[in-house]
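The values are calculated or read from the model by the stated rules, or taken from the named source; none is laboratory data. These numbers come from a predicted model, not from an experiment. Glycine gets a Cβ as well: all are built from the backbone with ideal geometry, and neighbour counts include every protein chain shown.
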Amino acid sequence: MPDGAPKVLDVRNLNTVFRTRTGEVHAVNRVSFDLEKGELLGVVGESGSGKSVTMMSLIRLIPSPPAEIRSGQVLFDGMDLLEVDDDTLRDIRGARIGFVFQDPMTSLNPVFTVGFQLREPLMRHMGMNRREADRRAAELLELVGIPDAARRLRDYPHQFSGGMRQRVMIAIALACDPEVLIADEPTTALDVTIQAQILELVRELRQKLGMAIIWITHDLGVIAGIADRVMVMYGGQVVEEAPVRALFKEPRHPYTRALLETIPHVRGKRAERLEVIEGQPPILGAAPTACPFRDRCAAAVEICGRENPALREVGARHRVACHLSDTGAGSGAAPEPEGAHV
Amino acid sequence: MFDLTTKARTLIRVRGLKMYFPIHAGIFRRHVGDVKAVDDVSFDIYEGETLGLVGESGCGKSTCGRAILRLYDITAGSIQIDGQEIGDLPQAKLRSLRPAMQMVFQDPQASLNPRLTVEGIIGEPLLEHTSMSRAERKARVHELMDAVGLNRSFSDRYPHEFSGGQRQRIGIARALALNPKFIVCDEPIAALDVSIQAQVVNLLEDLQKKFGLTYLFISHDLSMVRHIADRVAVMYLGKVVELAPEEALYSDPLHPYTRALLSAVPEPDPDLTIEDRIILKGDVPSPANPPAGCNFCTRCPAVMDICKREDPEFREVLPGRFVACHRYNEPDENENETAA
Ligand SMILES: Nc1ncnc2c1ncn2[C@@H]1O[C@H](COP(=O)(O)OP(=O)(O)OP(=O)(O)O)[C@@H](O)[C@H]1O
Ligand SMILES: Nc1ncnc2c1ncn2[C@@H]1O[C@H](COP(=O)(O)OP(=O)(O)OP(=O)(O)O)[C@@H](O)[C@H]1O
Ligand code: SF4
Ligand SMILES: [Mg+2]
Ligand SMILES: [Mg+2]
């Protein structure tokens, strides 16, 4: 990873709240991170930890109401995406920032051909005419590995398999050569052999096109294979952020450590018994006033229930939000939070 | 862990099992073909073991599990449980055998009746299959809640008041109510978060030890199956292509599909680069229209001429290791065939 490469995206203190009949849900709390040119940032965390809402908020795709972005800045090319007018935002979305979502069937429009859906952004954002857009659309399908691309432009989404639809989604997201691609669980609904094809494709495309990517997944294996840097979310917050190797080799947050312990492997030694993280994820009814992991954390001390720890730098590009990270107890030399996973 | 070296007793014996779903078309709903969801599979499940059943979406895992429990009227084949043939038993006669064989489903939300309390849900099979009094049922429900780690004080609550992991515990408690011997667990952890999956898997292991249960554990999660299973069967397009003890299958897969499948699983270790990763081309064919010859021949990196003509037999190529692949047939046979 190029060190100190320019930032393409800088998110500061993002807070998103849902207003529901039964009260507020504080889904995203003071989330800050940046994305460098050309890097792949992996985002992991439990279901409900705020991964999707964070990414939907920063490009204002989150339905409001019920969501309300309470505060924050999202800096992109000198603009704050939370402040720009709707026209500017529409030009950025889909052209300079592309998306791929989890379920390709719900995000592709079933009544239009794939060719139509590929041409649309090209004609709208790139000012191409129909012929140019057609040619480019075929190129894009070819780029993502769909055989007989020119002919398949006339097909509808249901005529493609799940893996191919996901490729089509990627092609659409890449249509206008975006600087940033946000992919939310793009392979979760796919089988492993098809997932392997898509991951291979992404590695190839990164080399060819060099865009920055945010890749959300709950699969640490996928992260280990493609990410440069990883952000771990828990209870609506970023709890740890590190270069990929540091995250797997020297995890510092008790949640990250416990998470790495609970997953079984297909290679190497087989564990006699799985480690577990006891308890349930937190209910985000109010702005947090304590560490969101405290109830499940075996290393928790008195202050954890009283104060929500801020993200602190603990190493090169390595940040952790844990009260024990500055006393040294959460550092590399610290005792393993063994009780956390008995 | 189940010891395969001691003499194992067969609890479930499946031979030539087929489950086809007819396809009808036209205004007269003519029978135009079949979805061959399970197409001639044979295997044993030993008493007290966990047999893992893996494979990609649509390969027939759930259909296989449901067919063994006779939730369907099967197309062909034999199923024996504890020596008794149930493959051709009419549904009415199956009722008395139901308590011995149970199922835990993927979606804990959808498989629990939302209008019943936890006590009602867990007690339902007791009401149906036993003559217990109300008080006896209640006592048994509490016992079962203890066994799966649910607080007894929750017995008056409704399913929606629980988390996914807790709901799965309710489903497991219900499956245990009638002291079954055999449980088909169909993707029991797929809908759960990673940190909760381990809790449920450990619970299933504890219960197995405690009650001597036999499991068919269906999952597409190869690492979890490695953890829980004693032996593993791999399905592809309606057929079992390989079956072996867990250790052998994961360290030395024989069938080209098993190899590809295992090599596709990403390892959570950034230092590990898998040198010989096999990336399969193309998609799984439709089970309504499987290819001639070996079902895997359209994607197989090791395909030979014979594979496109003849369906390879599922046979024991090493002690305890079964494979359906022409690569493991007699070498001279292969040579003759490829030359032909
Ligand atoms: N429309 C909504 N109304 C109310 N709460 C919502 C809504 N959408 C999301 N939430 C809540 O916001 C929180 C964060 O949700 P989010 O979808 O970002 O989680 P996630 O990390 O993407 O999880 P997953 O891995 O399951 O996709 C959750 O507690 C969720 O229940
Ligand atoms: N009741 C049915 N009628 C017609 N076809 C069916 C029926 N049930 C299953 N099938 C088909 O049989 C094949 C096998 O399905 P099955 O549900 O057994 O697969 P699976 O391996 O369990 O997949 P998954 O991992 O997605 O659960 C699929 O093609 C499916 O569409
Ligand atoms: S029989 Fe042939 S096509 Fe089938 S798996 Fe073996 S080598 Fe491949
Ligand atoms: Mg999400
Ligand atoms: Mg299934």
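Going by the structure shown, is residue B:65 more than 16 Å from ligand 1 (Cβ to nearest atom) and either within 14 Å of chain A (Cβ to nearest Cβ) or assigned to a strand (DSSP E or B) (or both)?
So residue B:65 does not fit the description; no.
Only one residue in B:320, B:293 is touching a residue at least 12 places away in the same chain (Cβ under 8 Å) and over 21 Å from the mean Cα position of the chain (by Cα). Which one?
Testing whether each residue is touching a residue at least 12 places away in the same chain (Cβ under 8 Å) and over 21 Å from the mean Cα position of the chain (by Cα) leaves just B:293.
Could you please give the count of residues in segment A:297-308 that are outside any loop (DSSP other than H, G, I, E, B) and either at pLDDT below 90 or acidic (Asp, Glu) (or both)?
Residues flagged as outside any loop (DSSP other than H, G, I, E, B) and either at pLDDT below 90 or acidic (Asp, Glu) (or both) within segment A:297-308 amount to 1.
Kindly indicate the residue of segment A:250-286 that is among the charged types (D, E, K, R) and under 21 Å from the mean Cα position of the chain (by Cα) and also farthest from the other protein chains (Cβ to nearest Cβ) among those meeting that condition.
Applying the filter and picking the extreme gives A:252.
Does segment B:40-60 hold any residues that are under 25 Å from residue B:283 (Cβ atoms) and surrounded by 24 or more Cβ atoms within 10 Å (Cβ to Cβ), and which are they?
Those that are under 25 Å from residue B:283 (Cβ atoms) and surrounded by 24 or more Cβ atoms within 10 Å (Cβ to Cβ): B:41, B:52, B:53, B:54, B:55, B:59, B:60.
Which residues, counting only those in segment A:172-197, are in a helix (DSSP H, G or I), touching an Asp or Glu at 6+ places or on another chain (Cβ under 9 Å) and more than 22 Å from residue B:220 (Cα to Cα)?
Passing the criteria: only A:172.
Does at least one position in segment B:55-70 carry a residue that is more than 16 Å from ligand 5 (Cβ to nearest atom) and more than 15 Å from residue B:314 (Cβ to Cβ)?
Scanning segment B:55-70, I find at least one residue that is more than 16 Å from ligand 5 (Cβ to nearest atom) and more than 15 Å from residue B:314 (Cβ to Cβ), so the answer is yes.
Which one is farthest from residue A:227 (Cα to Cα), of the residues in segment B:269-292 that are buried (at least 20 other Cβ atoms within 10 Å of the Cβ) and more than 13 Å from ligand 3 (Cβ to nearest atom)?
If we take residues in segment B:269-292 being buried (at least 20 other Cβ atoms within 10 Å of the Cβ) and more than 13 Å from ligand 3 (Cβ to nearest atom), then B:287 is farthest from residue A:227 (Cα to Cα).
Among the listed residues A:111, A:84, A:100, identify the single one that is crowded, with 20+ Cβ neighbours inside 10 Å, more than 14 Å from chain B (Cβ to nearest Cβ) and not polar (S, T, N, Q).
A:100
Of these, B:240, B:225, which one is more than 30 Å from residue B:150 (Cα to Cα), in contact (Cβ under 8 Å) with a residue 24 or more places away in the chain and of a type in the set (A, V, I, L, M)?
Answer to the selection: B:240.
Return only the number of the condition from (1) under 23 Å from residue A:276 (Cα atoms); (2) surrounded by 23 or more Cβ atoms within 10 Å (Cβ to Cβ) that residue B:257 does not satisfy.
Condition not satisfied by residue B:257: (1).
With at pLDDT below 90 and within 14 Å of chain A (Cβ to nearest Cβ) as the only criterion, which of B:111, B:153, B:195 stands out?
Result: B:195 is the single residue among B:111, B:153, B:195 that is at pLDDT below 90 and within 14 Å of chain A (Cβ to nearest Cβ).
Is it fair to say residue B:164 is within 16 Å of ligand 4 (Cβ to nearest atom) and in contact (Cβ under 8 Å) with a residue 40 or more places away in the chain?
Here the answer is yes, as residue B:164 does meet what is asked.
Conditions tested, residue by residue: (1) polar (S, T, N, Q); (2) in a strand (DSSP E or B); (3) buried (at least 20 other Cβ atoms within 10 Å of the Cβ).
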| site | (1), (2), (3) |
| --- | --- |
| A:230 | no, yes, yes |
| A:247 | no, no, yes |
| A:279 | no, no, no |
| A:285 | no, no, no |
| A:289 | yes, no, no |
| A:292 | no, no, yes |
| A:310 | no, no, no |
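Take the residues of segment A:178-217 that are out of contact with any Lys or Arg (no Cβ under 8 Å at 6 or more places or on another chain) and charged (D, E, K, R): which is nearest to ligand 4 (Cβ to nearest atom)?
A:185
For segment B:268-290, give me the residue count where each residue is charged (D, E, K, R) and either more than 23 Å from residue A:264 (Cβ to Cβ) or under 22 Å from the mean Cα position of the chain (by Cα) (or both).
2
Which residues, taken from segment B:180-220, are of a type in the set (Asp, Glu) and more than 16 Å from ligand 1 (Cβ to nearest atom)?
Hits for segment B:180-220 are B:186, B:187, B:205, B:206.
Inside segment B:156-185, can you point out the residues that are within 14 Å of chain A (Cβ to nearest Cβ) and under 28 Å from the mean Cα position of the chain (by Cα)?
Matches in segment B:156-185: B:160, B:162, B:163, B:164, B:165, B:166, B:167, B:168, B:169.
Of all the helices (runs of 4 or more DSSP H) wholly in segment A:72-171, which have at least 2 residues that are over 24 Å from residue A:10 (Cα atoms)?
Here the list reads A:104-107, A:114-126, A:130-143, A:149-152.
Taking into account only those residues within segment A:249-273 that are within 17 Å of residue B:271 (Cα to Cα) and buried (at least 21 other Cβ atoms within 10 Å of the Cβ), which is modelled with the highest pLDDT?
My answer is A:251.
Are there any pairs, at least 6 apart or on different chains, whose C-beta atoms fall under 8 Å, with the first in segment A:114-125 and more than 16 Å from residue A:167 (Cα to Cα) and the second at pLDDT 90 or above, and if so, which?
That search, which allows pairs on different chains as well, returns A:122/A:128; A:122/A:132; A:122/A:133; A:122/A:136; A:122/A:137; A:123/A:129; A:123/A:130; A:123/A:133.
Look through B:248, B:190, B:198 and report the one residue that is surrounded by fewer than 24 Cβ atoms within 10 Å (Cβ to Cβ) and away from ligand 5 (no atom under 16 Å from the Cβ).
One residue alone meets the criteria, B:248.
Going residue by residue through segment A:14-30, is there one that turns out to be within 14 Å of another protein chain (Cβ to nearest Cβ), closer than 17 Å to residue A:178 by Cα and more than 16 Å from ligand 3 (Cβ to nearest atom)?
For segment A:14-30, residues within 14 Å of another protein chain (Cβ to nearest Cβ), closer than 17 Å to residue A:178 by Cα and more than 16 Å from ligand 3 (Cβ to nearest atom): absent.
This table checks each residue for (1) within 14 Å of chain B (Cβ to nearest Cβ); (2) within 16 Å of ligand 1 (Cβ to nearest atom).
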{"residue": "A:156", "(1), (2)": "no, no"}
{"residue": "A:184", "(1), (2)": "no, yes"}
{"residue": "A:188", "(1), (2)": "yes, yes"}
{"residue": "A:196", "(1), (2)": "yes, no"}
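For segment B:28-62, name all the residues that are within 14 Å of chain A (Cβ to nearest Cβ) and more than 14 Å from ligand 2 (Cβ to nearest atom).
If the condition is that a residue be within 14 Å of chain A (Cβ to nearest Cβ) and more than 14 Å from ligand 2 (Cβ to nearest atom), then B:50 is the only one that fits.
Of all the strands (runs of 3 or more DSSP E) wholly in segment B:206-285, which have at least 2 residues that are within 12 Å of chain A (Cβ to nearest Cβ)?
Passing ranges, in order: B:231-236.
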